[in-house]
Structures are given as structure tokens and as C-alpha cells.
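The values are calculated or read from the model by the stated rules, or taken from the named source; none is laboratory data. Everything quoted here is computed from the prediction, not taken from an experiment. A quick note on method: Cβ atoms are made from the backbone with ideal geometry, for glycine too, and the neighbour counts reach across all protein chains shown.
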Amino acid sequence: MTGTIAALNLAFLAVAAGVLWWAKVRTRPGPPFPGPRPTGAVFRAWLMVIWAVGFLMPAFTLVVDGILGGKAVVRALLGWYLLFFAVQIGFELLAWKRWRSPVWVIVPCLFLPWRLFQAGLGLWLVDGSTLSVGTFAALVGLWVINVGVHYSNIPNSLRWDHHPPDARFAARTRALPFAQGS
């Protein structure tokens, strides 16, 4: 079972890296993207919930049920889950800070549904431990909500309101939508 979990996650990582690389190539050459705006208090509070439920709770469960409890499936599921939590942050920083590209908005679009799949798989495969089942249930709820939060915030993330109301958006008719002068 742990081999299958590893294969699924590695396959996703290959696809996600390929999609991000392709998106990076498609958005060149272009002006440096300024990145996200400063966030408000509500969004900062939501990020604290994400870190508490999405990272600290699974890390605690990994230690208690996966390592101390000796449950290999919990170790595999939460190990990959936490690794991909870090990989997503790494990809976001790469796309935003290094590439200075609007591609950074795509990273959560790829990783949030995968994280939801990982949590759902955990609910399906793990039985017995209230801590593990509760953690996976909390993760499913968290990521369902966060997919909606992220997807509904994409226009704000891409700063679409910075364009004048009469903008022509020549990029709609060009092959490279984020090219200089679009």
C-alpha cells in the first residue's frame, strides 16, 4: 500500500512540475509580475487556520499515530502530505520570487485539489484511530473551503482591477498572453 501511495504522489509531482514549467515557458518573455498584494487581517487569520489545521495537526498525528503508534499507512499518507505542503510553498516561492511570474497563482490551483485527494484517501484508508480519522476529516473540510477561497481570489491575486476600465487586453488574441506590451 505504501508503494502505491508513493507512486501516486510522485506521478502527481511530475505532472505538476511539468505543468508549471510549461506555464513558465508560455509566459516568457514578459514583464516581471509584482506578486500578491499585502493581505488583510481576515486573510492573515485564515492563513493561521491553514497552518494550524493543515500543518501542525497532521504533523502531530504523524508523530503520535504514524511513528509512535507504528501505523505505516498513516506514516505514508501524512509523510507525503506534509512533504507536498512544503513542495507547494517551494514552488510558489520559485514562481513568485525567482521567476517573477503570474504562474505562481497556478501552484495552489494544482496542489489544493491534490491535497484534498490526499486527505480523502486518508479517510478511505485509515480506520481505528480517532486522532487519524479526525485529522483527515479536518483536512478534507479545510481544503474544500480553501479551494473555494483561493479560486474566488484569483482575480485579486492577478491584480485584474489595476487595468483601466477601457483596457483592450490585446493578450486575448496573442499566443503569449503575458508578453511585454499585452
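I need a count of the residues in segment 110-142 that are surrounded by fewer than 16 Cβ atoms within 10 Å (Cβ to Cβ) and at pLDDT below 90.
Counting residues in segment 110-142 that are surrounded by fewer than 16 Cβ atoms within 10 Å (Cβ to Cβ) and at pLDDT below 90 gives 2.
The conditions are (1) at pLDDT below 90; (2) more than 20 Å from Trp46 (Cα to Cα), and Ile106 fails exactly one of them. Which is it?
Checking Ile106 against (1) at pLDDT below 90; (2) more than 20 Å from Trp46 (Cα to Cα), the one that fails is (2).
I want to confirm something. Restricting to segment 1-24 and keeping residues that are among the β-branched types (Val, Ile, Thr) and under 17 Å from Gln88 (Cα atoms), which single residue is modelled with the lowest pLDDT?
Val19
Looking at (1) part of a helix (DSSP H, G or I); (2) at pLDDT below 80; (3) loosely packed, with under 11 Cβ neighbours inside 10 Å, find the lone condition where Ala167 falls short.
(1)
In this structure, is Ala95 buried (at least 16 other Cβ atoms within 10 Å of the Cβ), in contact with a helix residue (DSSP H, G or I) (Cβ under 8 Å, 6 or more places away or on another chain) and of a type in the set (A, V, I, L, M, F, W, C)?
Values: buried (at least 16 other Cβ atoms within 10 Å of the Cβ): yes; in contact with a helix residue (DSSP H, G or I) (Cβ under 8 Å, 6 or more places away or on another chain): yes; of a type in the set (A, V, I, L, M, F, W, C): yes.
In short, yes.
With respect to Ala86, is the statement that it is without any contact (Cβ under 8 Å) to a residue 40 or more places away in the chain, surrounded by fewer than 16 Cβ atoms within 10 Å (Cβ to Cβ) and over 27 Å from Met1 (Cα atoms) true?
No, not satisfied.
If you go through segment 47-69, how many residues are over 18 Å from Leu142 (Cβ atoms) and surrounded by fewer than 16 Cβ atoms within 10 Å (Cβ to Cβ)?
Final tally of qualifying residues: 3.
State which residue is modelled with the highest pLDDT when the search covers only segment 25-46 and only residues that are more than 17 Å from the chain's Cα centre (by Cα) and closer than 17 Å to Leu94 by Cβ.
Val25
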